[in-house]
Amino acid sequence: MSVVGSMNTFIADLHDLDRLVEVARSRYSVYAPVRRGRGYVFSKIEGMSDTDLRYNRTILPPTKIFHRPKEVLLRFQLADGPEFGEVVEVEPMMIFGVHACDLNAILRLDRFFTRRFEDPYYLARRRGSVVVALNCNGPRDEYCFCASLGTGPTVYGGYDILLTEVRDRMFLVEAGSEIGANLIDEARFRRASMSDMEAKKAVASTAKREFRRYADFRSLSYPVIEVLAHTVWDEEADKCFSCGNCSLVCPTCYCYEIYDTLDMDLNSGFRVRRLDSCQLYGYAEVALGGNFRKSRKARLRHWMVCKFGGAAGGELSSCVGCGRCIFYCPARIDITSVASRLREAV
Amino acid sequence: MLKIGLFKFSSCSGCQLSFLRLNEKLLDLVDKLDIAYWVMVSDNDVEDSYDVAFVEGSISTPEDIYSIKDVRARSKVLIAFGACASFGGLNSIRNYMVQKDVEKIVYGSSGALSVKSIISYPIDFYVDVDIYLGGCPPSLSDILEVIKASILGFKPRLPDYPVCVECKLSENECLLVNGEPCMGPIIRAGCGALCPSLGRTCEGCYGPQADPNPNSLADKFREIGLSEDEILCRLRKYAGMHRDFRGIAKL
């Protein structure tokens, strides 16, 4: 990705952005936040009227587009010598309106899925994709806490196009890659003025000061007794449902499980990858019913310490402050308040 | 050929109907499956042995006790087929009343006096159960999974995680977070989050998930304004007899 200078800074209203979507749709499926009940989901859109750029957060993060909640990995046939055929579903995609927290999560998954082994399924979808990021002008609601983790509210890289709402429904548009620059070019936006660019700086500096929710996970990721033996785990585990919501909506939770399903002929079948959750009893279950994390407390602690940056995934699975786990926890377990209790002890 | 039998105790026959709803999928299995006993569709006599018995319904009369033990003795694998067989099901809501009063309500003071009812128990109160298929009725995919696994001699892959997982994978809104009394967090998946996907709260027909926390859910229900009676009704509706819910459902 080449860095494009401020010569390539533009200003666009929703009507202009509609043109960008139209241009993009000739090449890409465009996914953006779309209302579902009281929430939002990333879905295919046809124009700006389908989406709402003032959305707070989607139920599942946009990482779902690359790391699918459920996908078929391969088809197989057993009789006459086993045969296997990979199934990789790819379509060129534009992900429109990605917040800083979720973009940081995508960048972490990029590293996770390319570390020792490249994940062909993730990469096939990710490599051809275009990301249109959207700066936040402050917390989207009281659940956001990216500012204290340095993962938002302003985006600093990893995008093809970056939008900042500098005035009411007026967006400063910047290119972060050649693909982005070309798309902007085709959409024929007006060049931004100096005051537009100044307005972006002002937005960025005030945005991070408006956060009320705060998290500090430093020194909580080490297996020290003050963290592991704290009574807060017992108290929270009493409330916890082990429902898995927190990890299933988490943009940095990538754990999955793989299983085979046979067709009715009991010969052919397919292999499925499905998002898993360490909060589920079966997650750490092994042969003969052995289980490494039988108690809710052990599972809850494991997940949070992972989000603090301490479990196997390390910083690649750590928290980006999107607030989903707090909002979607039916038991109102709050990782930021657990962390502050723990911080008092270490 | 896998020889199977479908047996019925106190129930509505809905689980058997679900088996019938496999439709053409049953045809795919005609050369692998010998349906040797199924009172709903044929008048075959009971045979000496079955590879797999699907047992629908709870045990609610003295005769049932004898019969379920007989089915068990004839079957290599016994499947509790549906909510009634697995946890007592809807029938078990009468367990919280005096049996005599229930008989009077149902049969009147004069009629059907020969009917003797006992506490409605899931079949595992009397016999060992190998596989539990919850649901009112069980999903077709779960039924197919146990049939395929039985033919091949695999352990069937049945969800033990909660409905919430299926809701999240379908990206449904969370009804409970929205303040509606959904039982999803403590109830086993398998239905594909059928009710919540249609905007209806989970009623709990699949019974408890692997590690449920009904006490916390009761607290949550209180928080959103349910009365103690309403909470009890929800916990008792399908699986109040299950050991995971019994304590809080107050049998």
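The values are calculated or read from the model by the stated rules, or taken from the named source; none is laboratory data. In this text, all values refer to a predicted model and were calculated from it rather than measured experimentally. A quick note on method: Cβ atoms are made from the backbone with ideal geometry, for glycine too, and the neighbour counts reach across all protein chains shown. With ligands, DNA and RNA removed, areas are computed over all heavy atoms of the protein, side chains included. Shrake-Rupley method; radii C 1.70, N 1.55, O 1.52, S 1.80 Å.
In Å², and per residue, what accessible area does the range A:245-346 have when probed at 1.4 Å with the other protein chains present? Spell out each step's value before the answer.
Numbers: 3650 Å² over 102 residues.
Roughly 36 Å² per residue, with all protein chains present.
Provide B:Leu217, A:Leu262 ordered by accessible surface of protein heavy atoms (probe 1.4 Å), highest first.
A:Leu262, B:Leu217
Over the Cα atoms of the range A:217-346, how large are the radius of gyration and the largest Cα-Cα distance (Dmax), in Å?
16.4, 60
Are any of the pairs B:Lys3/B:Lys155; B:Lys32/B:Lys155; A:Lys201/B:Lys168; A:Lys239/A:Lys307; A:Lys208/B:Lys168 more than 26 Å apart by Cα-Cα distance, and if so, which?
In this structure, A:Lys201/B:Lys168; A:Lys208/B:Lys168 lie more than 26 Å apart at Cα.
Per-residue HN-Hα couplings for the range B:12-21, Karplus 6.51 cos²θ - 1.76 cosθ + 1.60 at θ = phi - 60°, whole Hz, x for Gly and Pro?
These are the phi-based 3J(HN,Hα) values: 9, 6, x, 5, 4, 4, 4, 4, 5, 6 Hz.
Ordered by residue, what ³J(HN,Hα) values in Hz, to whole numbers, does the range B:52-60 give under the Karplus form 6.51 cos²θ - 1.76 cosθ + 1.60, where θ = phi - 60° and Gly and Pro are x?
Coupling constants for the range B:52-60: 9, 10, 9, 10, 9, x, 9, 9, 9 Hz.
Just checking the output field for B:177-186: average partner chain Cβ neighbours within 10 Å of each residue's Cβ? Write down the numbers at each step before the final one.
Values: counts 8, 3, 0, 0, 0, 1, 0, 4, 9, 3.
For this peptide, the per-residue mean of nearby foreign Cβ atoms is 3.
Among B:Ser216, B:Phe245, B:Asn178, whose Cα projects farthest towards the positive end of the dipole of the range B:163-250, with charges put on the beta-carbon of Lys, Arg (+1) and Asp, Glu (-1)?
Comparing the listed Cα positions along the dipole, B:Phe245 ranks first.
Given a Förster radius of 25 Å and the C-beta distance between B:Phe154 and B:Arg21 as r, what FRET efficiency does 1/(1 + (r/R0)^6) yield to the nearest 0.05?
Calculated value: 0.60.
Among B:Val55, A:Ala215, A:Leu73, pick out the residue whose Cα is farthest towards the positive end of the charge dipole of the protein assembly as shown, where Lys and Arg carry +1 and Asp and Glu carry -1 on C-beta, about the Cα centre.
Highest projection toward the positive end goes to A:Ala215.
Two decimals is fine: what's Rg over Rh for the range B:95-215, C-alpha atoms, Kirkwood radius as Rh? Numbers along the way, then the final one.
Working: Rg = 18.4 Å, Rh = 16.9 Å.
Rounded to two decimals, Rg over Rh is 1.09.
Roughly how big is the range A:289-334's charge dipole about its Cα centre, with Cβ charges of +1 (Lys, Arg) and -1 (Asp, Glu), in debye to the nearest 20?
320 debye
Show the residues, 5+ positions off or on another chain, whose built amide H is closer than 5 Å to the amide H of A:Tyr256.
Amide H to amide H, under 5 Å and 5 or more residues apart or across chains, A:Tyr256 pairs with A:Asp276.
Kindly work out what percent of the DSSP beta bridges joining two residues of chain B are antiparallel, to the nearest 5.
Working: 4 of 22 bridges.
Taking every DSSP beta bridge within chain B, about 20 percent pair in antiparallel fashion.
Rank B:Ile79, B:Val102, B:Phe125 by how far each Cα sits towards the positive end of the charge dipole of the range B:2-152 (+1 on Lys, Arg Cβ; -1 on Asp, Glu Cβ) and give me just the farthest.
Of the listed residues, the answer is B:Val102.
Students often check this: by mean Cβ neighbours within 10 Å, which of A:127-136, B:162-171 ranks highest, and how do the rest follow?
Details: A:127-136: 21.8, B:162-171: 25.2.
Those peptides, ordered most packed to least, come out B:162-171, A:127-136.
Which of B:Asp142, B:Asp124, B:Asp31 ends up with the largest GNM mean-square fluctuation for chain B, with Cα atoms connected below 10 Å?
Greatest mean-square fluctuation among the candidates belongs to B:Asp31.
How many Cβ atoms of partner chains, on average, are near each residue of A:242-255 if near means within 10 Å of its Cβ?
The per-residue average across the peptide is 4.
So if we plug the beta-carbon distance of B:Glu223 and A:Arg27 into 1/(1 + (r/R0)^6) with R0 = 45 Å, what FRET efficiency do we get, rounded to 0.05?
0.35
Binning at 5 angstrom from zero up to the longest distance, how are the C-alpha pair distances of the range B:73-122 distributed in percent?
5, 18, 22, 17, 16, 10, 8, 4, 0
Taking a 1.4 Å probe, which of A:His15, A:His230 shows the most accessible area, and what order do the others take after it? Each step should come with its number before you reach the end.
On the way: A:His15 135, A:His230 30 Å².
The residues order as A:His15, A:His230, largest area first.
Apply the Debye scattering formula to the protein assembly as shown, with a single equal point scatterer on each alpha-carbon and no solvent, then give log10 I(q)/I(0) at q = 0.06, 0.12, 0.13 Å⁻¹.
The Cα Debye sum returns log10 ratios of -0.39, -1.21, -1.34.
Rank B:Ala85, B:Ala53, B:Ala149 by mean-square fluctuation in a GNM of chain B with C-alpha springs under 10 angstrom and give only the top-ranked residue.
B:Ala149
Could you work out the helix-only [θ] at 222 nm for chain A, with each DSSP H run of four or more residues adding -39,500 (n - 2.57) and the total divided by the number of residues, to the nearest 500 deg cm²/dmol?
Mean residue ellipticity at 222 nm (helix-derived): -8000 deg cm²/dmol.
For chain A, with all protein chains present and a 1.4 Å probe, just round the carbon and sulfur fraction of the accessible area to a whole percent. Don't skip to the end; give the middle numbers.
Working: 7730 of 15220 Å².
Accessible surface attributable to carbon and sulfur in chain A totals 51 percent.
Using the Cα centre of the protein assembly as shown as the reference point, and only Cβ charges (+1 on K/R, -1 on D/E), how large is the resulting charge dipole? Debye, rounded to the nearest 20.
That gives a dipole near 1520 debye.
Given H placed on each backbone N at 1.01 Å, which residues far from A:Val166 in sequence or on other chains put an amide H within less than 5 Å of it?
Residues meeting the criterion, in which the H sits 1.01 Å from N, are A:Phe171, A:Leu172.
With the solvent-accessible surface defined on protein heavy atoms using a 1.4 Å probe, which residues belonging to the range A:328-346 display a reduction of at least 10 Å² in accessible area in the multichain context relative to the isolated chain?
Residues meeting the cut-off: A:Tyr328, A:Pro330, A:Arg332.
Just for the protein assembly as shown, what percent of DSSP beta bridges are antiparallel, to the closest 5? Provide the component values of the computation, followed by the final result.
On the way: 42 of 70 bridges.
The antiparallel proportion sits near 60 percent.
Taking the Cα-to-Cβ direction at A:Arg19 and at A:Phe117 and moving 7 Å from each Cα, how far apart do the two end points lie in nm?
With each label point 7 Å from Cα toward Cβ, the separation is 4.8 nm.
Ratio of the range B:163-250's C-alpha Rg to 2.2 N^0.38 Å, to two decimals? Can you show the working numbers first?
Numbers: Rg = 11.9 Å, N = 88, 2.2 N^0.38 = 12.1 Å.
This ratio for the range B:163-250 stands at 0.99.
Taking the solvent-accessible surface of protein heavy atoms with a 1.4 Å probe, what is the per residue accessible area of the range A:76-132 in Å²?
47 Å²
Return the single residue from A:Met197, A:Met304, A:Met93 with maximal mean-square fluctuation; model: Gaussian network over chain A, springs between Cα atoms under 10 Å.
A:Met197
What dipole magnitude, in Debye to the nearest 20, does chain A give about its Cα centre under +1 on Lys/Arg Cβ and -1 on Asp/Glu Cβ?
Computed charge dipole of chain A: roughly 880 debye.
What net charge is computed for the residues neighbouring B:Phe9, neighbours being all others with C-beta under 13 Å from the C-beta of B:Phe9, Lys and Arg scored +1, Asp and Glu -1?
-2
Return the long-range amide H neighbours of A:Leu74 (sequence gap of 5 or more, or a different chain), with a cut-off of under 5 Å between placed amide H atoms.
Long-range HN contacts for A:Leu74: A:Val87, A:Arg271.
Counting only protein chains, not ligands or nucleic acids, how are B:Asp101, B:Asp211 ordered by accessible area (probe 1.4 Å), most first?
The ranking, largest first, comes out as B:Asp101, B:Asp211.
Need the list of aspartates and glutamates near B:Lys25 for cross-linking: C-alpha distance under 17 angstrom, and skip anything on the same chain fewer than eight residues off.
Within the straight-line limit of under 17 Å, B:Lys25 reaches these aspartates and glutamates: A:Asp263, A:Asp265, B:Asp34, B:Asp142, B:Glu145.
What value does the range A:15-62 have for Rg/Rh, both radii from Cα atoms and Rh as Kirkwood defines it?
0.98
Which whole-number value in Å² is the accessible area per residue of chain B, probe 1.4 Å?
45 Å²
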